[in-house]
Amino acid sequence: DVVESQEHYKSRWRSIWIMYLTMFLSSVGFSIVIMSVWPYLQKIDPTADASFLGWIIASYSIGQMVASPLFGLWSNHRPRREPLVISTAISVAANCLYAYVHVPRAHNKYYMLTARALVGFGAGNVAVVRSYIAGATSLTERTSAMANTSACQAVGFILGPVFQTCFTLIGEEGVTWKFLCLQLNMYTTPVLFGALLGVINIILIFAIFREHRVDDMGRQYKSINSDGEGSDVLDQNTEGSIDHVAVVALNILFFVILFVFAVFETIATPLTMDMYSWTRKEAVFYNGIILSVIGIESVIVFMVVKTLSKKTGERAILHAGLLIVLVGFFILLPWGKKLPNIQWQEIKNNSIPRTAPSEMLAPFWSLTELQLPSNHTAEPVGCPVTQSWCLNTPMIYLAQYISSDVLIGLGYPVCNVMSYTLYSKVLGPKPQGVYMGWLTASGSGARILGPVFVSQIYTHLGPRWAFSLICGVVVVSLLLLEIVYKRLIAFSVRYGRMQE
């Protein structure tokens, strides 16, 4: 056996920390502009409507879904530094393009769509990051490393809007550099800041990142994508086939986990506007606070789950996480007798014209941004009569909503970390780039389909149907987990090289 040297250990963990940073910057690249996309789009291209905004938001996930398997395949056969640098450079270039989408005289919205799709394409390096961490950690280190990776991703999602808020101090006009045709304002400065972070990330990858591989017991060995570093190591033992039933099952479970969380994020604003008669501004503000608290809760959960998994094992924790999510959505079902305030009653009392049916059928993101004509002195609030279920479906009490938020904020991070950890352990010592790419792609697909699903079901059938179907999906996923439970073991354990 080749015992890992202290120098190799330090270099390996420095490289893992660079992967944490890459994951953090990837999530910042998504969230740093999410609050300002709609006003910026309206400013640069008045022809863009709310439905086009939906495509711009979805384009990030579409780009990531396409890129993840490609970068994963690349990382299986070449040094990982190559796809990491190229993907980060694509994100930097895409952010710079976003800063210049105001320059063309026409079709500006399509340039913005392209820029966001390319940022998502660059974020496909998540597959490379996860596969590297899986290969550079032993089984005892894996859960902790995957939890840290997810925590860095969550912190990026939290801090992105914070950075955006700070940059609003610059204002809409800001400063214009005519010789560069560049406007530094509250819309462009965040993406340029993101581009700067990307350049720093590239420099650190070149300066610090090194290829390292260890087996499940922590012994170093040479990887197929090694660039010559660490030649005095064991050849990797990859005898044995991967359990593809377990791999497919975990992909399905991961899709369900991200699907239900995307539904939860999507439904928050329209649900609270309908149930509690919140205005658009109130819904965005209060839900922003709630989502920030959930983000902090998730980071804490990521840290706690590292210790808890050593006592109970990853499979049991994944099972518990899915049960918590199920309870969270079950609580959201309308149980009382009180009906929500109907918008037409408010309209009658305040002499405000009724919201058009076409507006109420718009995608969820438009519900927070619809503009009233200038002659309206107030905003219609309550559950719109155009949604027929408002007339006979009991309201969801605020205590139900808050309790559900807390439970989903607890169950989702648990399921997220355990899915990645179990997936990497099932795959074993073979290069995991492509497999991690497919897992990332399934998550991106869930984030695309979740909003579409819930916006249609909720609008036409109401919360009772929407949340009942989600509960059904989670129950099916729990049954699937029970069926494959005994197969979700580490590759080395499966072939008798290690004790579970």
Completion exercise
Looking across region 242-298 at residues that are touching a helix residue (DSSP H, G or I) at 6+ places or on another chain (Cβ under 7 Å) and part of a loop (DSSP other than H, G, I, E, B), the single one that is surrounded by the fewest Cβ atoms within 10 Å (Cβ to Cβ) is I242
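Collect the residues in region 454-469 that are buried (at least 19 other Cβ atoms within 10 Å of the Cβ) and under 23 Å from I62 (Cα atoms), keeping them in residue-number order. Spell out the reasoning first.
In the first step, residues of region 454-469 are kept if they are buried (at least 19 other Cβ atoms within 10 Å of the Cβ); the result is 454-455, 457-459, 462-463, 466-467.
The answer is V454, S455, I457.
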Handout entry: Among (1) buried (at least 19 other Cβ atoms within 10 Å of the Cβ); (2) more than 26 Å from Q64 (Cβ to Cβ) - the single one K178 does not satisfy
Key = (1)
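Taking region 104-139, which residues are in a helix (DSSP H, G or I) and small (G, A, S)?
The initial filter retains those residues of region 104-139 that are in a helix (DSSP H, G or I), namely 108-135, 139.
Matches in region 104-139: A115, A117, G120, G122, A123, G124, A127, S131, A134, G135.
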Exercise for the section: For region 383-406, indicate whether the set of residues that are at pLDDT below 75 and in contact with a Ser or Thr (Cβ under 7 Å, 6 or more places away or on another chain) is non-empty. Expected result: no
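Among the residues of region 470-482, is any modelled with pLDDT of 85 or more, of a type outside the set (V, I, T) and over 23 Å from Y423 (Cβ atoms)? Walk me through it before giving the result.
Looking only at region 470-482, we keep the residues that are modelled with pLDDT of 85 or more, and these are 470-482.
Still in the list and also of a type outside the set (V, I, T): 471-472, 477-482.
The next check asks that each one be over 23 Å from Y423 (Cβ atoms); those that pass are 471-472.
Yes, region 470-482 has at least one match.
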Fill in the blank from the handout: Flagged in region 82-107 as closer than 22 Å to M23 by Cβ and at pLDDT below 90, in numbering order, are none
Fill in the blank from the handout: Matching residues in region 9-63 (touching a Leu at 6+ places or on another chain (Cβ under 9 Å), farther than 20 Å from V162 by Cα and of a type in the set (F, W, Y)) number 2
Exercise for the section: For region 45-76, name all the residues that are part of a helix (DSSP H, G or I), at pLDDT below 85 and of a type outside the set (S, T, N, Q). Expected result: A50, F52, L53, G54, W55, I56, I57, A58
Practice task
Spot the failing condition for A399; the list is (1) assigned to a helix (DSSP H, G or I); (2) in contact with a helix residue (DSSP H, G or I) (Cβ under 6 Å, 6 or more places away or on another chain), and only one is missed.
Solution key: (2)
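Determine whether region 422-443 contains at least one residue that is assigned to a helix (DSSP H, G or I), out of contact with any helix residue (DSSP H, G or I) (no Cβ under 8 Å at 6 or more places or on another chain) and either in contact (Cβ under 8 Å) with a residue 12 or more places away in the chain or not charged (D, E, K, R) (or both). Give the derivation first.
Step one: list which residues in region 422-443 are assigned to a helix (DSSP H, G or I), which gives 422-427, 433-443.
Now drop any that are not out of contact with any helix residue (DSSP H, G or I) (no Cβ under 8 Å at 6 or more places or on another chain), which leaves none.
There is no residue in region 422-443 that is assigned to a helix (DSSP H, G or I), out of contact with any helix residue (DSSP H, G or I) (no Cβ under 8 Å at 6 or more places or on another chain) and either in contact (Cβ under 8 Å) with a residue 12 or more places away in the chain or not charged (D, E, K, R) (or both).
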Completion exercise
Selection from region 413-438 of residues farther than 21 Å from V214 by Cβ and surrounded by 22 or more Cβ atoms within 10 Å (Cβ to Cβ) yields P413, V414, C415, N416, M418, S419, G437
Problem - Those residues of region 24-34 which are of a type in the set (V, I, T) and open to solvent by 10 Å² or more (accessible area, probe 1.4 Å), in sequence order - result: I34
Practice task
Look through region 385-396, keep the residues that are in a loop (DSSP other than H, G, I, E, B) and either outside the structural domain of I267 (by the TED database) or among the aliphatic types (A, V, I, L, M) (or both), and return whichever of them is farthest from the chain's Cα centre (by Cα).
Solution key: V385
Practice task
Please verify whether region 81-103 includes one or more residues that are open to solvent by less than 20 Å² (accessible area, probe 1.4 Å), in contact with a helix residue (DSSP H, G or I) (Cβ under 9 Å, 6 or more places away or on another chain) and outside any helix (DSSP H, G or I).
Solution key: yes
Fill in the blank from the handout: Going through region 35-71 in order, the residues found to be surrounded by fewer than 17 Cβ atoms within 10 Å (Cβ to Cβ) and charged (D, E, K, R) are K43, D49
Fill in the blank from the handout: Matching residues in region 109-136 (over 22 Å from the mean Cα position of the chain (by Cα) and open to solvent by 10 Å² or more (accessible area, probe 1.4 Å)) number 3
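The values are calculated or read from the model by the stated rules, or taken from the named source; none is laboratory data. Since the model is a prediction, treat every value here as computed from it, not as a measurement. No Cβ is skipped: glycine too gets one built from the backbone with ideal geometry, and neighbour counts run over all protein chains shown. Quick note on the areas: whole protein, heavy atoms, side chains included, nothing else; ligands and nucleic acids left out. Shrake-Rupley method; radii C 1.70, N 1.55, O 1.52, S 1.80 Å.
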